[in-house]
Structures are given as structure tokens and as C-alpha cells.
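Peer 1: Take a look at the following structure, please.
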Amino acid sequence: MEPLHAIWVTIGLFVLTFFNPGANLFVVVQTSLSSGRRAGVCTGLGVALGDAIYSGLGLFGMVALMTQFESLFSLIKIAGGLYLLWYAYGVVRNQNDVQISALHTLIPGKGAVFFRRGLITDLSNPQTVLFFISIFSVTLSADTPIWAKLLTWAGIVLSSVLWRIFLSQAFSLSVVRRAYSRIQRVASKIIGAVVGIFALRLIYEGGRELSH
């Protein structure tokens, strides 16, 4: 496959994953709904950094890290799952109440909290690097030049950032947040339950891997 063609195909396959709901999507959406656009963007940038780390590991053949430090990645799963479980509990308890007036403001220092939320959510699933490797094995080869790999990585990171900014913008619109405020109790419990399921799965998988 020609380098330029491989770049576009790889990025395109990654973009398709945006439409497969996961913990990353729900965390960014929930944060944008409850805390506004800037908070959602900070969370999304944290997720994008996680994508940058894991795609970089997969792209440059560092999968050996996962086999050499398998227990470490299992612990990351458990720790990330516990964090998501705690976050889900807070959402279900309606601790992230909608404040329409906070749409364009962000309390100093809170940006780092939201950024960390997104980063931990993304890094909590180390198998993401295996997903990237499965894509790269189809579209890239040992003969793919380094510049093509770097452009592929940059394209993945850029598309990840743009998608999370779009989500934050869409779900922080005043009309969307007002509608959400009317069904917040039910919606929060649904979103919290979904994130909680992801969290329990990570904890289960990490514990099972450590026991083997």
C-alpha cells in the first residue's frame, strides 16, 4: 500500500471507532453537559493524549512492553476501573449538577482535574494499544517510511482532538444543557450505569489477568 494511501486508510479506520460508544465518549459528553464546553474540551484533550500515547506505542513496535510488563498493564486496568467506578458513582448521585451559567467559565485549577479525568479514562484500557496494532498491521508494513508513520500518528492525534472538541461543543450548547437539566436525574443514572459497567469489566479483566 502506498504511504499516502496507507495514512488516509489508517486514520479513516480510527475515525470509524468514534461511532462505537465507549467510556471515553460518555465521560466527555457527561462532563460537557454538566460542566460546560471548556471542561469538556479539557477532558477531551486528556483522552486525546491517551490516544497519542497508545497509538505511539503501537505504531513504533513497542508492543513488547505489554508482554514484558503484563502485570503492570493489568494493574493499570484495575486502577482505571476503580477510578471510573468512583466517577460513575458521583454521576449517579448527581454530584455533577448542570449549571447553565458556567457554560463559558472554568474555575482556575479545575481544568487540570478534567484533563486528568479524560487521560485516566483513556489509559485505563491498555488493550487500546493492541487495537491500534491491529489497524497498523493491515495498513502499514516494515517498509513504510518513518515520515508516513509520523504523519499517521499526527493524523490520529489531530482527529481525536477535533472529535472531542466537536462533542464538547455540541453537548455544551445552552439548548442541549437545558434539555438535559430537565431529565438529569434519569440521564445521570443511565450514563453512570454505562460507565460503571465499563469500569467493572476493566476491574474483572485486570484481576483475571493477574490471577493467571
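The values are calculated or read from the model by the stated rules, or taken from the named source; none is laboratory data. For clarity, every value in this text was computed on a predicted model and none was experimentally measured. Every residue, glycine among them, receives a Cβ derived from its backbone with ideal geometry; neighbour counts consider all protein chains shown. Please note that ligands, DNA and RNA were not included when accessible areas were found on the heavy atoms of the full protein model with its side chains. Shrake-Rupley method; radii C 1.70, N 1.55, O 1.52, S 1.80 Å.
Peer 1: Would it be correct to say that residue 148 is at pLDDT 75 or above, among the hydrophobic types (A, V, I, L, M, F, W, C) and open to solvent by less than 60 Å² (accessible area, probe 1.4 Å)?
Peer 2: The answer is yes for residue 148.
Peer 1: Next question. Give segment 109-138 a look and list any residue that's farther than 15 Å from residue 156 by Cβ, crowded, with 18+ Cβ neighbours inside 10 Å and among the aliphatic types (A, V, I, L, M), or say none.
Peer 2: Hits for segment 109-138 are 119, 120, 123.
Peer 1: Sticking with this one: Whether any residue in segment 203-211 is open to solvent by 30 Å² or more (accessible area, probe 1.4 Å), out of contact with any strand residue (DSSP E or B) (no Cβ under 8 Å at 6 or more places or on another chain), modelled with pLDDT of 85 or more and of a type in the set (D, E, K, R) is what I want to check.
Peer 2: yes
Condition check ((1) under 11 Å from the mean Cα position of the chain (by Cα); (2) hydroxyl-bearing (Ser, Thr, Tyr); (3) part of a helix (DSSP H, G or I); (4) buried (at least 24 other Cβ atoms within 10 Å of the Cβ)) across all residues:
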site	(1), (2), (3), (4)
11	no, no, yes, no
16	no, no, yes, no
25	yes, no, yes, no
28	yes, no, yes, yes
33	no, no, yes, yes
39	no, no, yes, yes
50	yes, no, yes, no
56	no, no, yes, no
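Peer 1: Another question about this same structure. Kindly provide the set of residues from segment 121-149 that are aliphatic (A, V, I, L, M) and under 12 Å from residue 6 (Cα atoms), ordered by number.
Peer 2: Within segment 121-149, 135, 138, 140, 148 meet the criteria.
Peer 1: Okay, next question. So which residues in segment 132-144 are of a type outside the set (Val, Ile, Thr) and either touching a Pro at 6+ places or on another chain (Cβ under 8 Å) or in contact (Cβ under 8 Å) with a residue 12 or more places away in the chain (or both), if there are any at all?
Peer 2: 132, 136, 140, 141
Peer 1: A follow-up question, please. Looking only at segment 157-188, count every residue that is crowded, with 16+ Cβ neighbours inside 10 Å and at pLDDT 80 or above and tell me the total.
Peer 2: The total comes to 11.
Peer 1: For residue 1, all conditions in the list (1) at pLDDT 85 or above; (2) part of a loop (DSSP other than H, G, I, E, B) hold save one; what is the number of the exception?
Peer 2: With respect to (1) at pLDDT 85 or above; (2) part of a loop (DSSP other than H, G, I, E, B), residue 1 is out only on (1).
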